């Protein structure tokens with residue numbers, strides 16, 4: 001089975017603040033911008049919705065209202081939060097991690113550590129938890145975030161790594177790390193920006 005990462009350049013505090021905000025204008029704007037996507041998602045999860053899962057629109061409303069949640073269908077609120085992140089953020093080019101298989105994220109994390117980059121881990125986007133106030137899905141989507149400070153620190157650590165250490169890495173791992181470095185640079189160019197990501 002293969003997975004994909006969806007990554008967004010955004011201030012993590014901004015999207016976390018939307019949870020429980022009661023912002024009905026935001027709900028309407030999300031519904032308008034992603035109308036076709038929401039309909040597609042409802043079609044995709046039609047069998048779960050027939051069993052009692054909230055529609056994607058109802059899940060967005062619950063996330064912004066801070067509940068109520070049906071823990072049995074926690075995945076819907078994770079995907080609803082993904083829409084909030086996409087609304088506020090900008091998608092990051094991500095050809096090395098969409099799709100990915102098995103322990104690829106851990107392999108890239110090992111490469112990061114071999115270069116002395118310890119401020120971020122790509123597997124955070126698979127194993128992290130949704131923000132406080134949201135139910136935790138048993139399965140997908142996975143969620144994680146890198147703060148602006150973590151992105152700055154990781155970029156400094158990359159720049160301190162030597163060409164010899166980089167050349168010693170597997171070429172695909174190095175290419176993936178170079179893609180990560182580009183995200184870090186984009187985050188550094190925007191005040192307060194970090195990276196949030198979903199594995200699905």
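Coordinate-derived values only; no laboratory data. Note that this is a predicted model, so its numbers are computed, not measured. Positions of Cβ are backbone-derived with ideal geometry, glycine not excepted, and every protein chain shown enters the neighbour counts.
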Exercise. For the Cα atoms of the chain, what angle does the longest principal axis make with the long axis of helix 74-88, in degrees from 0 to 90, nearest 10?
Worked result: 70 degrees
Seminar exercise, completed: Helix-only [θ] at 222 nm, the chain, -39500 (n - 2.57) per DSSP H run of 4+, per residue, nearest 500, equals -15500 deg cm²/dmol
Problem set entry | In degrees, nearest ten, helix 24-33 long axis to first principal axis of the chain (Cα) | 70 degrees
Problem set entry | the stretch 72-164: proportion of alpha-carbon pairs further apart than 16 angstrom, % | 64 percent
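When the Cα atoms of the chain are enclosed in a convex hull and the volume is divided per residue, what value in Å³ results?
Values: hull volume 22.2 nm³, N = 200.
Convex hull volume per residue, Cα atoms: 111 Å³.
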Seminar exercise, completed: Projected onto their principal axes, the Cα atoms of the stretch 1-84 stretch, largest extent first, over whole-Å spans of 33, 30, 25
For this session: Give, as ranges by residue number, the residues of the stretch 1-38 whose backbone N falls under 15 Å from the point 7 Å along Cα→Cβ of residue 182.
Result: 7-9
